[in-house]
Amino acid sequence: MLALLVALALVLGGLWLGGESLLAQQMRRLAAEQPMTDLGAVQELRDPGRFGVRALGLELQTDAGRLGLQQAELWLSPLHPTTLRFALAPKGMLDAGSGPLELGLGDAMAQLRFSPWNGLGLAAAQIKAGPLTIAGTELATAVRINAVGRTLDQDAPSGAAVSYDLNLTLHGLDPGAFATLSLPGPLNATATGRIWLDALPQPWTLTPDLAPLPVGLRLDEVELQLGGLQARIIGRVQADAQDRAEGRLVLYTTDAKPLLQAAASAGLIPSRVVRLAGTMLKTISDLPLPDEDGQRFPPPAEGELRLPLRFADGKVSLGPLTLGPAPVFPRR
């Protein structure tokens, strides 16, 4: 019996170590096939509690520029074999074209739980990071995102294949750290809602060219604080036939005019809208607002304004005021 147990341990250990070597080889091959990716080295973890690899000197070409990561680890635990974990070293580099800048990534980690009963589809995900810095300037104090898969229901938008309930927390985001914006202060936000995707995320689709894309977003409750300004948002948008947003988002706030001014200063809306809206906000707030897609838009609280943003025909409007083109849903 002892000899059999020793033999079994050797076989399992060989499969474990051999699997890590195979995974490292596959990672080197995939990196070599991607022209936008450079990989310095790949090491097997050789850790009894973790099955995975360590990538060193990883560089990625992104829309924001060249991203360099000192180290990234990818592993599974024998106690939780369906949960893939990913962790980054606390420092990295970003070169947007004007020279490299040091990135501080804090405790950046992700967990992806896959379901073996659903084609290894993504069942839940958790991402956290912070504090985040760029060139020594704090970009955000903390970011937390949780997603849990839900059964697709009757109110799903056209083209939806899967849905996830979302919970997001963002503390101390300073957009001025990476863009020339004149805003009244850092952004804090908490949000709950649901997102619909056009395909089921699976381990082999977690690449930029294969990743599922959103076709709809529902916001059940969003609390925003921008400096001393506060607002909450509820509503839903989805992709129309031209892949632009359609639907409604409703903003509740006691700081309507300064928020519009901040949006105009950031270039999000034309400045003329702020001047026109000044005398119309109360009228727009008093307009009746019917339920839509099962969501209720309650009357504003005392001192609040209720401002409906309507997305239709490729445009976004605040009451009778057209603010500009509706956002585009990313499509292949």
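The values are calculated or read from the model by the stated rules, or taken from the named source; none is laboratory data. Since this is a predicted model, take the numbers as computed values, not measurements. With ideal geometry, Cβ positions are generated from the backbone for all residues, glycine too; neighbour counts draw on all protein chains shown. Quick note on the areas: whole protein, heavy atoms, side chains included, nothing else; ligands and nucleic acids left out. Shrake-Rupley method; radii C 1.70, N 1.55, O 1.52, S 1.80 Å.
What the table shows:
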{"read-out": "Any hit, the range 74-91, residues being basic (Lys, Arg) and either within 19 Å of Asp165 (Cα to Cα) or in contact (Cβ under 8 Å) with a residue 40 or more places away in the chain (or both)", "value": "no"}
{"read-out": "Members of the range 313-329 found to be of a type in the set (A, V, I, L, M, F, W, C), open to solvent by less than 40 Å² (accessible area, probe 1.4 Å) and not in a loop (DSSP other than H, G, I, E, B), listed by number", "value": "Val316, Leu318, Leu321, Leu323"}
{"read-out": "Residue count, the range 40-57 (criterion: in a strand (DSSP E or B) and out of contact with any Gly (no Cβ under 7 Å at 6 or more places or on another chain))", "value": "9"}
{"read-out": "Neighbours by Cβ (under 8 Å, 6+ apart or cross-chain): first from the range 173-192, closer than 11 Å to Gln225 by Cβ; second at pLDDT below 85 and among the acidic types (Asp, Glu)", "value": "Pro186/Asp174; Leu187/Asp174"}
{"read-out": "Tally, over the range 182-210, of residues that are assigned to a loop (DSSP other than H, G, I, E, B), more than 20 Å from Arg244 (Cβ to Cβ) and open to solvent by 30 Å² or more (accessible area, probe 1.4 Å)", "value": "12"}
{"read-out": "Qualifying residue in the range 148-160 (condition: crowded, with 16+ Cβ neighbours inside 10 Å, polar (S, T, N, Q) and free of Cβ contacts under 8 Å to residues at least 60 places away in the same chain)", "value": "no"}
{"read-out": "Flag if Arg306 is on the phi < 0 side of the Ramachandran plot and in a helix (DSSP H, G or I)", "value": "no"}
{"read-out": "Residue check for Leu168: open to solvent by 50 Å² or more (accessible area, probe 1.4 Å), in a loop (DSSP other than H, G, I, E, B) and not polar (S, T, N, Q)", "value": "no"}
{"read-out": "Long-range neighbours under 8 Å by Cβ, at least six apart or interchain, first residue modelled with pLDDT of 90 or more within the range 291-310, second of a type in the set (Val, Ile, Thr) and assigned to a loop (DSSP other than H, G, I, E, B)", "value": "Glu304/Thr254; Leu305/Thr254"}
{"read-out": "Number of the exception - Val148 against (1) over 18 Å from the mean Cα position of the chain (by Cα); (2) at pLDDT 95 or above", "value": "(1)"}
{"read-out": "Residue tally, condition open to solvent by 30 Å² or more (accessible area, probe 1.4 Å), under 20 Å from the mean Cα position of the chain (by Cα) and of a type outside the set (Ser, Thr, Tyr), over the range 47-72", "value": "6"}
{"read-out": "Among residues of the range 301-312, those that are buried (at least 17 other Cβ atoms within 10 Å of the Cβ) and more than 23 Å from Gln154 (Cα to Cα), counted", "value": "6"}
{"read-out": "Positions within the range 233-291 being open to solvent by less than 30 Å² (accessible area, probe 1.4 Å), in a loop (DSSP other than H, G, I, E, B) and within 23 Å of Val215 (Cα to Cα), in sequence order", "value": "Asp240"}
{"read-out": "Residue match in the range 18-38 (condition: touching a strand residue (DSSP E or B) at 6+ places or on another chain (Cβ under 6 Å), under 27 Å from Leu103 (Cβ atoms) and modelled with pLDDT of 85 or more)", "value": "yes"}
{"read-out": "Options Leu74, Leu60, Leu94, Leu112: the member that is part of a strand (DSSP E or B), at pLDDT 90 or above and within 23 Å of Asp209 (Cβ to Cβ)", "value": "Leu112"}
